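The values are calculated or read from the model by the stated rules, or taken from the named source; none is laboratory data. Quick caveat, the model's predicted, so the values are computed rather than measured. Neighbour counts are summed over all protein chains in view; Cβ atoms, including those assigned to glycine, are modelled from backbone coordinates with ideal geometry.
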């Protein structure tokens, strides 16, 4: 069985991260009520989407140090059917008196059924060798 890659679909997937990266938004977590407050990072991705549907994928980052901190968030989605990679990046800064921050990226699912495995990682600036545990999630894309 031979598989041919549709160039248009590949480019749409390959460029999706670059387009959405400009559209990310960051909000402070002032008094957010979360049952798992101890988690340093939480990835929230839709469990299921229709083909071609657009939704936000958000990552909550808590301030693990109790002082000003900054870093870079990387969100990577890997299409399990065609191998398309969706990369999103955002710098962030959390002040000492903030609980944390939430960063959201807008993503449009492909026009075919698949599963996308999401992995979120954070590199803390000025904290050599210190990082937050990564988070994973899965989005099933289904035909309507």
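Worth pointing out:
- Cβ-Cβ distances below 6 Å connect no pair with a first residue in region 83-98 that is part of a loop (DSSP other than H, G, I, E, B), a second residue that is loosely packed, with under 13 Cβ neighbours inside 10 Å and modelled with pLDDT of 95 or more, and a separation of six or more residues or different chains.
- Filtered residues of region 24-60 (kept if closer than 21 Å to residue 138 by Cα and at pLDDT below 95): 24, 34, 35, 36, 39, 40, 41
- Restricting region 64-80 to residues that are assigned to a loop (DSSP other than H, G, I, E, B) and within 22 Å of residue 44 (Cα to Cα), the residue that is farthest from the chain's Cα centre (by Cα) is 64.
- Flag if residue 133 is part of a loop (DSSP other than H, G, I, E, B) and buried (at least 17 other Cβ atoms within 10 Å of the Cβ): no
- Filter pass, residue 66 being surrounded by 13 or more Cβ atoms within 10 Å (Cβ to Cβ), on the phi > 0 side of the Ramachandran plot and in contact (Cβ under 8 Å) with a residue 12 or more places away in the chain: no
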